[in-house]
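The values are calculated or read from the model by the stated rules, or taken from the named source; none is laboratory data. The model shown is predicted, which means the values in this text are computed figures rather than measured ones. In this analysis, Cβ positions are derived from the backbone assuming ideal geometry, glycine residues included, and neighbour counts consider all displayed protein chains.
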Amino acid sequence: MNAASLLRLAFAASSLRPGTQGSARAGTRPPTTSARSRCRRLLRLVQSSLVSQAKLFVDEPEGVSEPGHGVVAHARAGRPLGTKQRAFNRLLARVERLRAQRDTRKRHLEDALVFHAAEIAPRARHALQLRTELVGLLRVFLHDRRLSAGDRRILADVVARQVDWILAHDDAPDPDVRELFEELHGVSLADVEQEQIDRLNEEMKDFLAGEGLDVDIPDVRAGMTPEELAASAAGFIEQMQSRLDEATAREQASGHRKTKREMREEERARRIEEARRSSIGAIYRRLAKALHPDLERDPAQRERKSELMQQVTAAHRANDLHTLLRLEVELVHGEASDVATLTTETLDAYTEMLKQQAAELQAEEMELLFNPKYQPVVVLGPFGPIGVIDGEAEMNRLEMEIEELRGSLELLSTPRAVQEVKALVRMERGVRRAPAPARRRRRR
């Protein structure tokens, strides 16, 4: 992660919600619940960026994500399902579908990342090396008197574009390339990088002010080491979490006189939360009792129960009601689930939990494209990630690019090099005279 990536995550987080942009305001306003949720999403993205730098190809535990079996409320003879039970069934199906979508997207990204590491990254590095060598050969002609002053100016523009491309794709550019950048642009690369970071700093200030959060932006400077970036990000996370907690506490303590309706809603929410805690705890205890490996004498069954118990524990920690229900149906009740006999409060608690779980799964799927781990294989559009690269097509494109660069290097290594440079200048001059659409096609 470079120095500016940490700041860009703020706008990745804000772009997850359509039609919203952070903007500067005079002073700050108290953050709303939706603003706090967006900022907490930003925290998750920053945290994931720190983890991703250290482990790109490490398998991460996902908990239980197999398709569900029999997790529905069943109608009984003479007792059709009620409205809440039917809504419960729809939510179960939605959670299962969203979980499958998230896992499919992640598998697709993982496969693309493996292919990128094996096939695309080596070719990209080779092409970058060849392009750097080509720039080195062209540099010699920038002051060659065999070229006219006008030709040298055009050649300088061509070389500047190549240098800019190299610097945009090389995390550790050759010192000669950095020196050439300064020669062509009249400004140091460090100054340009710091200017970009300063601009992102201002944009992030606007974002945080627009969300009503008085938070200092991360201390990010050009040339920071990964350790320094991680320390800066960790401080930002701690500060932002503290501000969010303070805002929540102030909102809870600032109470106004509640209406009867608000008090009824609060009481209902309290009962639902109690039912949720007791229900998830009850399911967990029943599963723990049924799956306790120490009570099993058969070694094969003991190992199976130990693995299932790990899944149950992971689901309990994550408040994953869908997985706990599915495991209970499969391992305790079989198809004769008693979900249809749940009390109204318990069913309400389950429904609220499943709604929350559905929203989280949907956000997780969207956030995958913003995870820095997958940055090499994500296609960026004008407003953020739009998909995953076509690995085969990119590999073929790089093969063609490598062949073209090799050919150019061979031509510039012959006695006719100056003629080849003049031909390049003539072609560039022709491109400049061509209509705009043709110019874009030729320069690509």
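Some points to look at:
- Hits in the range 409-432 - residues which are within 15 Å of residue 131 (Cα to Cα), touching an Asp or Glu at 6+ places or on another chain (Cβ under 8 Å) and in contact (Cβ under 8 Å) with a residue 24 or more places away in the chain: 409, 412
- Filtered by the rule that a residue be buried (at least 17 other Cβ atoms within 10 Å of the Cβ) and not in a helix (DSSP H, G or I), the range 197-251 gives 211, 212, 213, 215, 217, 218, 220, 222, 224.
- The residues of the range 222-254 that are over 26 Å from residue 191 (Cα atoms), of a type outside the set (A, V, I, L, M) and at pLDDT below 75, listed by number, are 248, 250, 251, 252, 254.
- In the range 77-133, the residues that are without any contact (Cβ under 8 Å) to a residue 24 or more places away in the chain and β-branched (Val, Ile, Thr): 83, 104
- A single entry from 140, 192, 187 fulfils the requirement of being modelled with pLDDT under 95, surrounded by 13 or more Cβ atoms within 10 Å (Cβ to Cβ) and among the hydrophobic types (A, V, I, L, M, F, W, C): 192.
- Selection of the range 198-231 for residues being in contact (Cβ under 8 Å) with a residue 60 or more places away in the chain, out of contact with any Leu (no Cβ under 7 Å at 6 or more places or on another chain) and under 20 Å from residue 171 (Cα atoms) yields 221, 222, 223, 224, 226.
- Residue in the range 154-169 that is part of a helix (DSSP H, G or I), aliphatic (A, V, I, L, M) and surrounded by fewer than 15 Cβ atoms within 10 Å (Cβ to Cβ) present: yes
- Residue within the range 380-389 that is modelled with pLDDT of 80 or more, within 24 Å of residue 96 (Cβ to Cβ), within 14 Å of the chain's Cα centre (by Cα) and crowded, with 16+ Cβ neighbours inside 10 Å present: yes
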